[in-house]
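Working notes, structure below.
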Amino acid sequence: MPAADHWNDHYQQGKGFRPVAEAEVELLTEHLGPGTGRWALDLGCGTGEYAAALHGLGFTTTGVDFSEVAVATAQDRHQDRDGLDFQLVDVDRDGLGLLPTGGFDLITCRLFLPFADLVPTIAGARRLLVPGGQLLVTTPLAEHQRAGWESIGLRSASLDLLRSFGWAATVEYPLDDLLCLLLTTHPALQRTRR
Ligand SMILES: C[S@@+](CC[C@H](N)C(=O)[O-])C[C@H]1O[C@@H](n2cnc3c(N)ncnc32)[C@H](O)[C@@H]1O
């Protein structure tokens, strides 16, 4: 797995990754519903454009990344926005335990999950979600990458593993050459009077 310095070098050169496309924002708008009054967490947020898009939909949003350069750039670029913040977190080393358990309606992983330890990250993310909360994974597929670049995507075995975490619903949306996987946890059990 590339260390933080690898990513720092990339961001230090002023580079980013795939810009957030209009079609991506439309997908969020259509399938997540209004963000107002809800909390979102973007894992591996880079310089914060996707987190900013979630914030634009009304979500109070936190982005986390382990690249100091990315987090500083994100803080600088989006400093004028209330309800959008960025924190330095190494998801593999520190886990997600410092974030509020059961505190998020939505957790997103855009172009991030292939670089993380899959099972602890998903288990940690689930603990942070409210009942009925959603995890949205946007990723290239390893099998569709050219030779030598497979590691930027998730393998189909990893996708199967992701789907097998006991979600109430799993829905997939293709987005150009990316896959968006929207995974919803079970809602809290309703108490009924007899
Ligand atoms: C391909 S970039 C994607 C950035 C951003 N999500 C985007 O869509 O532009 C992957 C990001 O994951 C971050 N990352 C990789 N491993 C991480 C870890 N263990 N903890 C936190 N962030 C990590 C990198 O620093 C980098 O910003």
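The values are calculated or read from the model by the stated rules, or taken from the named source; none is laboratory data. In this text the structure is predicted, and so the values were computed from the model without any measurement. As a convention, Cβ positions derive from the backbone with ideal geometry for all residues, glycine included, and neighbour counts pool all protein chains shown.
Just a few scattered comments:
- Some residue of segment 157-164 being of a type in the set (A, V, I, L, M, F, W, C) and part of a loop (DSSP other than H, G, I, E, B): no
Residues checked against (1) buried (at least 16 other Cβ atoms within 10 Å of the Cβ); (2) more than 12 Å from the ligand (Cβ to nearest atom); (3) assigned to a helix (DSSP H, G or I):
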{"position": "Gly35", "(1), (2), (3)": "yes, yes, no"}
{"position": "Thr73", "(1), (2), (3)": "yes, no, yes"}
{"position": "Leu98", "(1), (2), (3)": "no, yes, no"}
{"position": "Cys109", "(1), (2), (3)": "yes, no, no"}
{"position": "Pro131", "(1), (2), (3)": "no, yes, no"}
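- Yes/no for Leu179 being modelled with pLDDT of 95 or more, in contact with a Ser or Thr (Cβ under 9 Å, 6 or more places away or on another chain) and not in a helix (DSSP H, G or I): yes
- Failed criterion for Leu183 (all others in (1) of a type outside the set (Gly, Ala, Ser); (2) surrounded by 19 or more Cβ atoms within 10 Å (Cβ to Cβ); (3) more than 27 Å from Thr47 (Cβ to Cβ) hold): (3)
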